[in-house]
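*Asks:* One structure, as C-alpha cells, below. Some questions next.
Here, each number is a calculation from the coordinates, and none is a lab measurement. This is a predicted model, so every value here is computed, not measured. All Cβ positions, glycine included, derive from the backbone under ideal geometry; neighbour counts span all protein chains shown.
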Amino acid sequence: MYHYTETGLLNVWLANGYTVRKTSSGEAVSIENADGLHREIGRVLARKSHLTAAEFRFLRKELDLSQHRAADLLGTSEQTVALWEKRGKIPKTADRMFRAIYLETIDGNVKLKELIERVADLDRKVDERLIFQDTEGVWLKAA
C-alpha cells in the first residue's frame, strides 16, 4: 500500500491505482486518475461529521478557493479561515456549510454555491442611502 501524503492528509492510503518507478533521483509515484481520487477523498471527507484543519484545507483547495474567497462564502475573515486551517477549530455552522458547498459543487449542482456567492456579494455591497419613490400608489426603491 502507498501512503498518499501529497494531499496534506496523513490518513490516506492507496491499495492500488498507482505505479512506483525508479528514476535517477530516486523513486517516483504515478497516480492513475488523480482527479477522480481527489474527488472521492473529498466526497468521503464532506460526509464526515466534522472536518479537521487539514481536511478543510484539502476541500478548499479542491474547490480552487483562496482563503479569502472561502472566507467570503462563509461570512468570515481570511485570518479566521487561516486559523481554522492551522488549529482546526472550525465552527459547526461553517463546517456544515463548507461540506455542503463541496458536495453540491462536485456533484455538478452548484446552485447552493451560487446562492451563497450572491449573498456574499450582497454583503459587500453597501447602500448608504435608501431612496424610495411613489409610482402610481406603489412604493418602489428608486434606481
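*Asks:* Report, in deg cm²/dmol and to the nearest 500, the calculated mean residue ellipticity at 222 nm for the chain, where each DSSP H run with n ≥ 4 adds -39500 (n - 2.57) and the sum is divided by the residue count. Display every interim value, and only then the final one.
*Replies:* On the way: 6 runs with 70 residues, N = 143.
About -15000 deg cm²/dmol.
*Asks:* Extending each Cα 7 Å along its Cβ direction at E136 and L115, get the distance between those two points in nm, one decimal.
*Replies:* Each label point is offset 7 Å from its Cα along the Cβ direction, giving 3.4 nm.
*Asks:* Quick one: if you stick a label point 7 Å off each Cα along the C-beta vector at H68 and R87, how many nm between them?
*Replies:* With each label point 7 Å from Cα toward Cβ, the separation is 2.4 nm.
*Asks:* Stokes-Einstein D for the stretch 13-134 at 20 °C, 1.002 mPa s, Kirkwood Rh over Cα pairs, in µm²/s? Mind showing how you got there, number by number?
*Replies:* On the way: Rh = 16.6 Å.
Rounded to a whole number, D works out at 129 µm²/s.
*Asks:* Working out 0.36 nm times the residue gap between R96 and A15, then minus their Cα-Cα distance, what length gain in nm do you get to one decimal? Numbers along the way, then the final one.
*Replies:* Details: separation 81, 0.36 × 81 = 29.16 nm, distance 2.97 nm.
Contour length minus the Cα-Cα distance gives 26.2 nm.
*Asks:* Give me the one-decimal nm value for the distance between modelled label points at I31 and D107, 7 Å along each residue's Cα-to-Cβ direction.
*Replies:* About 2.3 nm, to one decimal.
*Asks:* Give the total of Lys-Lys pairs in the chain with Cα-Cα distances below 26 Å; include a pair only if its members are 8 or more places apart or on different chains.
*Replies:* Lysine pairs meeting the criterion: 18.
*Asks:* How big is the dipole moment of the chain about its Cα centre under a simple scheme where the beta carbon of each Lys and Arg is +1, that of each Asp and Glu is -1, and everything else is neutral? Debye, nearest 20, please. Don't skip to the answer; put the middle values down first.
*Replies:* Values: 23 positive and 22 negative charges, 117 e Å.
Rounded to the nearest 20 debye, it is 560 debye.
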